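One structure is given below, encoded as structure tokens.
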Amino acid sequence: MSSIGKVGVLGGGLMGSGIAQVCAQAGFSTIVREISEPFCDRSRAGIEKVLAKGIEKGKVTAEARDAALAKLAFTTDLTALSECDIILEAIAEDLALKNGLWSELDRICGDETIFASNTSSLTIAAMAAASGRPDRMLGLHFFNPVPLMKLVEVVRTITTSDKSAETAFEFVQRLGKEPIQARDSSGFVVNLLLVPYMLDAIRALEGNVATVEDIDKGMQLGAGHPMGPFTLLDFVGLDTCYNIAEIMFNEYREKRYAPPPLLKRMVLAGMYGRKSGKGFYDYSEDPPKVSALGL
Ligand code: CAA
Ligand code: NAD
């Protein structure tokens with residue numbers, strides 16, 4: 001049996017909210033730490049909305065929703081995570097920010113607490129030293145949208161102990177997810193393949209191969225993908241995609257990971273995709289329309 005009872009989640013954005021929801025639904029007492037009260041409220045409201053949709057569709061009972069919400073708490077106070085058995089970090093893809101939190105939490109949490117990062121592209125080794133507990137540091141990489149995507153990559157770095165890896169693997173199974181083991185190389189398994197694909201779609205657009213809609217349609221109807229690459233980029237978040245590409249490019253120094261200029265320009269313009277209301281598509285309209293991109 002896993003020794004995990006209480007879960008701390010750092011960040012209540014897209015991923016943190018989904019991770020907190022599945023932890024609470026699996027019966028774990030879960031506390032989400034955000035940087036401000038409005039962000040705590042936004043995270044709670046997002047989870048309530050997904051659960052309400054589940055009830056509407058007959059996938060979640062009102063009792064299960066109430067039980068999950070009763071397991072969830074939100075805080076802006078990092079010390080409120082002191083009793084947690086595992087910390088799942090899902091803040092912005094920025095090593096300095098992540099490491100700042102790990103070193104603070106090392107002082108706050110008990111000796112047994114496992115630290116797990118949901119990073120998309122950083123190596124776990126880059127966080128192991130700052131965590132002050134390199135044997136209890138690993139990666140648990142969930143996929144978006146977390147309540148639906150079955151996979152979690154379990155990433156051990158060279159310092160991760162067998163015990164921590166086994167506990168984390170079993171924890172993932174208790175969440176009802178399918179774990180796979182991945183090496184601690186930037187992008188692990190899925191993003192090593194998926195990120196260059198998404199960046200290539202932007203390069204195809206920059207090269208006038210086809211329109212946003214036709215490239216999306218091409219990959220949906222021609223390759224059986226559930227979403228085309230631009231819908232997926234907007235779904236993941238263009239700011240996050242840009243950070244991931246920069247990190248992977250710096251790691252591998254290969255052109256296929258380099259963020260295309262259009263992606264950079266869109267992020268500079270505050271076009272973060274679905275979460276900001278505008279990316280390759282404009283979500284202020286239903287159905288969303290392709291944005292003017294100055295191409
Ligand atoms: N959260 C929770 N549930 C959601 C959701 C969300 N954000 N979006 C949609 N859903 C639910 C819907 O409520 C619906 O539920 P039911 O089946 O119970 O009715 C179900 O998903 C299907 O929704 P739709 O019919 O509206 O849409 P769909 O059939 O197109 O499926 C999808 C939605 C599962 C997201 C599908 O489009 C898909 O698999 N897309 C690809 C997602 C993907 O590739 N994710 C990986 C991103 S990369 C990553 O995560 C790693 C990284 O580090 C960046
Ligand atoms: P997001 O932008 O939706 O949320 C990031 C959260 O980090 C925000 O709620 C913000 O309040 C918090 N944050 C920002 N600065 C902070 C700080 N200094 N201290 C504490 N919290 C801070 O991002 P996201 O999409 O949820 O991504 C979070 C992590 O998950 C990233 O590492 C990302 O690479 C990874 N990830 C993202 C996806 C995806 O599809 N978006 C999938 C898998 C993994």
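Checking each residue in the range 2-58 for being free of Cβ contacts under 8 Å to residues at least 40 places away in the same chain and either more than 10 Å from ligand 1 (Cβ to nearest atom) or in contact with a Pro (Cβ under 7 Å, 6 or more places away or on another chain) (or both) picks out E37, P38, F39, C40, D41, R42, S43, R44, A45, E48, A52, I55. In the range 95-125, the qualifying residues are those that are within 16 Å of ligand 1 (Cβ to nearest atom) and in a helix (DSSP H, G or I), and the one that is surrounded by the fewest Cβ atoms within 10 Å (Cβ to Cβ) is L95.
Is there a residue in the range 256-273 that is free of Cβ contacts under 8 Å to residues at least 12 places away in the same chain and buried (at least 17 other Cβ atoms within 10 Å of the Cβ)? Taking every residue of the range 256-273 in turn, none turns out to be free of Cβ contacts under 8 Å to residues at least 12 places away in the same chain and buried (at least 17 other Cβ atoms within 10 Å of the Cβ). Of the residues in the range 193-209, none is surrounded by 15 or more Cβ atoms within 10 Å (Cβ to Cβ), over 20 Å from R256 (Cβ atoms), among the small types (G, A, S) and out of contact with any Asp or Glu (no Cβ under 8 Å at 6 or more places or on another chain).
If the condition is being over 21 Å from the mean Cα position of the chain (by Cα) and touching a residue at least 24 places away in the same chain (Cβ under 8 Å), then the range 202-242 contributes I202, R203, L205, E206, N208, T211, V212, E213.
From the list L72, L175, L148, which residue is more than 18 Å from I31 (Cα to Cα) and modelled with pLDDT of 95 or more? Give the derivation first.
Values: L72 fails: more than 18 Å from I31 (Cα to Cα); L175 fails: more than 18 Å from I31 (Cα to Cα).
None of the other options fit; the residue is L148.
Restricting attention to the range 18-32, does a residue exist that is open to solvent by 10 Å² or more (accessible area, probe 1.4 Å) and near ligand 2 (Cβ under 10 Å from one of its atoms)? For the range 18-32, residues open to solvent by 10 Å² or more (accessible area, probe 1.4 Å) and near ligand 2 (Cβ under 10 Å from one of its atoms): absent.
Can you tell me which residues in the range 142-155 are part of a strand (DSSP E or B) and open to solvent by less than 10 Å² (accessible area, probe 1.4 Å)?
From the range 142-155, those part of a strand (DSSP E or B) are 142, 151-155; that's our starting set.
F142, V152, E153, V154, V155, listed by residue number.
The values are calculated or read from the model by the stated rules, or taken from the named source; none is laboratory data. A quick note: this is a predicted structure, and the numbers were derived from the prediction, not measured. A quick note on method: Cβ atoms are made from the backbone with ideal geometry, for glycine too, and the neighbour counts reach across all protein chains shown. The accessibility values were calculated without ligands, DNA or RNA, using every heavy atom of the protein model including side chains. Shrake-Rupley method; radii C 1.70, N 1.55, O 1.52, S 1.80 Å.
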